[in-house]
Amino acid sequence: MSHLDLPLHRYVAFEGIEGAGKSTVVRRVAAALRDDAEVTVVREPGGTPTGERIRSILLDGETHLAPWAEALLFAAARAQLTAEVVAPALADGRWVLTDRSVYSSLAYQGGGRGLGVAEVRAVNEPGLRGVWPGVVVLLDVDVDVGIARQEVADRIGGEGAAFLSAAAATFRSIAAQEPDRFIVVDASGPVDDIVDVVLARLGATR
Ligand code: TYD
């Protein structure tokens, strides 16, 4: 099976700024899907031994990284995860739910760091070889609420409100440009409602 034949509608990314509640929603959606399907859950950056090592470089508060070094390290960790875990799981007929994806790079490095969405997309594409989330759930939350809910700020999450506002605005603008791929949910509502909305949309594409 070539990568382009993979069932990408089963590759579902959960996105949003810090404090949007992604991890809880991923866990709940995975549990519901597991009733009648095989599900692989991953997170970015990370999800492979190499990726976890790259993650510690990226998120450790002591590191100084030039913006393009940061963007390329995220892309490297993602290329490894895609080759080692995501593509094989999709080829096996599994759902793959991911806590963050290439869309975080478009929003944080493309928008937040100002590297440009098209430019960041271009450096990610070669490593992904068409393995791109078919569905993106954007958990939309106000930046102030997100920051207040954030438990521990890492090097990037601790950049402050202006940076996170730029990332949030970029998420929204990409969602508006790719309406068929995105499910935008108000993350301030009850988790049960968010999970129901997501499952209903995924059910329609199963
Ligand atoms: P993470 O540990 O996933 O925590 P949370 O999602 O709870 O914030 O955070 C990873 C951090 O890295 C987060 O601040 C977003 C950032 N990030 C990027 O800047 N670009 C990326 O491509 C990815 C995957 C994450």
(request) Would you check if there is a residue in segment 2-16 being within 13 Å of the ligand (Cβ to nearest atom) and not hydrophobic (A, V, I, L, M, F, W, C)? (result) yes
(request) Kindly indicate the residue of segment 75-97 that is of a type outside the set (S, T, N, Q) and within 13 Å of the ligand (Cβ to nearest atom) and also farthest from residue 202 (Cα to Cα) among those meeting that condition. (result) 76
(request) Those residues that are buried (at least 22 other Cβ atoms within 10 Å of the Cβ) and either assigned to a loop (DSSP other than H, G, I, E, B) or away from the ligand (no atom under 15 Å from the Cβ) (or both), I need them from segment 20-32; list them, please. (result) 20, 29
(message) Going by what's in this entry, would residue 122 be described as more than 11 Å from the ligand (Cβ to nearest atom), crowded, with 16+ Cβ neighbours inside 10 Å and more than 20 Å from residue 12 (Cα to Cα)?
(response) no
(message) On the basis of being among the basic types (Lys, Arg), in contact (Cβ under 8 Å) with a residue 24 or more places away in the chain and on the phi < 0 side of the Ramachandran plot, does residue 53 make the cut?
(response) no
(message) From the list 172, 94, 149, exactly one residue is under 19 Å from residue 194 (Cα atoms), among the basic types (Lys, Arg) and over 15 Å from the mean Cα position of the chain (by Cα). Which is it?
(response) 149
(request) Kindly indicate whether any position in segment 107-119 is within 9 Å of the ligand (Cβ to nearest atom), crowded, with 18+ Cβ neighbours inside 10 Å, within 17 Å of the chain's Cα centre (by Cα) and under 27 Å from residue 200 (Cβ atoms). (result) yes
(message) I'm checking my understanding of the structure. Among residues of segment 126-137 that are part of a helix (DSSP H, G or I) and within 14 Å of the ligand (Cβ to nearest atom), which one is nearest to residue 102 (Cα to Cα)?
(response) 128
(message) Given the condition in contact with a Phe, Trp or Tyr (Cβ under 9 Å, 6 or more places away or on another chain), modelled with pLDDT of 95 or more, of a type in the set (Gly, Ala, Ser) and outside any strand (DSSP E or B), answer yes or no: does some residue in segment 93-104 qualify?
(response) yes
(request) Have a look at 59, 65, 72 and point out the one that is within 16 Å of the ligand (Cβ to nearest atom) and closer than 30 Å to residue 7 by Cα. (result) 72
(request) Sort out which residues of segment 33-56 are part of a loop (DSSP other than H, G, I, E, B) and more than 13 Å from the ligand (Cβ to nearest atom), and write them in order of number. (result) 34, 35, 36, 37, 38, 48
(message) Just checking: which of the helices (runs of 4 or more DSSP H) contained wholly in segment 138-206 hold 2 or more residues that are more than 16 Å from the ligand (Cβ to nearest atom) and more than 16 Å from residue 100 (Cα to Cα)?
(response) 161-177, 191-205
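The values are calculated or read from the model by the stated rules, or taken from the named source; none is laboratory data. The model shown is predicted, which means the values in this text are computed figures rather than measured ones. Note that each Cβ is placed from the backbone with ideal geometry, even for glycine, and that neighbours are counted across all protein chains shown.
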